[in-house]
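Structure, as structure tokens:
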Amino acid sequence: MVETHIIDGKMIAKDFRSLVAQHVRKLGSTPRLAVILIGEHPASLIYVQNKQKAAREVGIDVDVYQLSPTVTEKSVLDLIAELNVKKEVNGILLQLPVPPHLDSSRLIEAIDPVKDVDGLHPENVGKMVTGRPAMIPCTPLGCIYLLRHVLGNLEGKHAVVVGRSALVGRPLAQLLLRENCTVTQAHSKTVHLAEVCRQGDILVSAVGKPGLIKRDFIKEGATVIDVGINRLEDGKIVGDVLFLDVMGQAAHVTPVPGGVGPMTIAMLLFNVVKAADQSLSQATDLIPF
Ligand code: NDP
């Protein structure tokens, strides 16, 4: 049995947001984020409100462009083109998912890569994979920040990432490689998932299946990062990891809520500031890696 430390993502994110706020005050101009929200998906509305509130608290202005669920792709592309050329707009965020009649890839590719604060534009993805400076997707960046905070140097650790989405799993595996981890990427077709997961000094689950990761998936003393957000029938929000089950087996684990979620928002603010810095031709030194 090991003693399990619960990683306080809320507190770590709060401290990081204070650093972002300090940096914003030094900028000398107010960074501006444009959020495009299409339709009235309840979860998306809440996410956008949370982002807006967090941004305002650190001194970032936010414009929300709420578009009808039946908006045409051309209208969205026209809006993106307009925001791309607006000097005062530093970051553009397309809230996902978009309604099925719209092609999210085409919309993301229309965003100026310098303003792509979600880090999903193929130019940013390519730069990240080849180790060049890029906008990095917020959730993976938040996971790396948490891991660095808890473990320090990650070099040589075996990291197992469950999930391979473009939003979380894939970029996270790339970032862990960049940290000199040995990386295993698991997904829905992986056989003997428990055995694969047990190899991880670090285990990250980004799947969206409550209770997927149980005690026998965890190497004793591992650090477990739970990205999953799942709403149960009774309304309770849980992650992918059976939280109480891994107590005494994992050395560190993130709770849901209060783990990765707050870090994702904090990293969005960081990306907006980074984009604002770039427009002033200066480097952002808030994240020391
Ligand atoms: P996706 O649905 O895009 O990807 C899920 C991944 O999980 C896929 O790669 C899929 O594999 C894999 N998978 C599905 N079932 C299994 C299984 N039984 N065993 C192993 N792997 C499996 O989801 P996202 O990456 O967008 O999000 C993942 C979770 O993270 C969700 O719960 C989401 O809500 C949450 N999330 C949380 C954020 C936060 O801030 N905390 C931010 C973003 C997402 P395959 O590729 O083979 O289909």
Practice task
Please work out how much length the chain gains when fully extended from L280 to S104, using 0.36 nm per residue of separation minus the C-alpha to C-alpha distance, in nm with one decimal.
Solution key: 60.4 nm
Problem - Per-residue HN-Hα couplings for the range 158-171 [Karplus 6.51, -1.76, 1.60; θ = phi - 60°; Hz; x = Gly/Pro] - result: 8, 10, 10, 10, 9, x, 9, 6, 5, 7, 10, x, 5, x
Completion exercise
Checking I46, I38, I136 against a Gaussian network model of the chain (alpha-carbon springs below 10 Å), the top fluctuating residue turns out to be I46
Practice task
List the residues whose amide H sits under 5 Å from the amide H of V162, counting only those 5 or more places along or on another chain, with H placed 1.01 Å from N in the peptide plane.
Solution key: A186, V204, S205, A206
Practice task
On a 0 to 90° scale, report how tilted helix 73-85 is relative to the longest principal axis of the chain, with both axes built from alpha carbons and the result rounded to the nearest 10.
Solution key: 80 degrees
Fill in the blank from the handout: The relative contact order of the range 182-245, taking Cα pairs under 8 Å that sit 6 or more residues apart, comes to a percentage of 32 percent
Exercise for the section: Pop a pseudo-label 7 angstrom from the Cα along the beta-carbon direction at both H158 and R215 and give the gap in nm to one decimal. Expected result: 2.2 nm
Handout entry: Excluding exposed DSSP-loop GluC sites (Glu not before Pro) (at most 15 other C-beta within 10 Å), longest clean stretch of the chain
Key = 89-154
Problem - Number of Lys pairs (Cα under 16 Å; 8 or more positions apart or on different chains) in the range 1-117 - result: 6
Completion exercise
Once both label points are put 7 Å beyond Cα along the C-beta direction, the H5-A43 separation in nm becomes 3.1 nm
Exercise for the section: Please figure out what share of the DSSP beta bridges in the chain is antiparallel and state it in percent, rounded to the nearest 5. Expected result: 5 percent
Completion exercise
Judged on accessible area alone, 1.4 Å probe, highest first, L45, L83 line up as L45, L83
Fill in the blank from the handout: Once both label points are put 7 Å beyond Cα along the C-beta direction, the K74-T130 separation in nm becomes 3.5 nm
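The values are calculated or read from the model by the stated rules, or taken from the named source; none is laboratory data. Nothing here was measured: the structure is a model prediction, and the numbers come from that model. Note that we place each Cβ from the backbone using ideal geometry, even for glycine, and neighbour counts take in every protein chain shown. Only protein heavy atoms, including side chains, enter the accessible area calculation; ligands, DNA and RNA are left aside. Shrake-Rupley method; radii C 1.70, N 1.55, O 1.52, S 1.80 Å.
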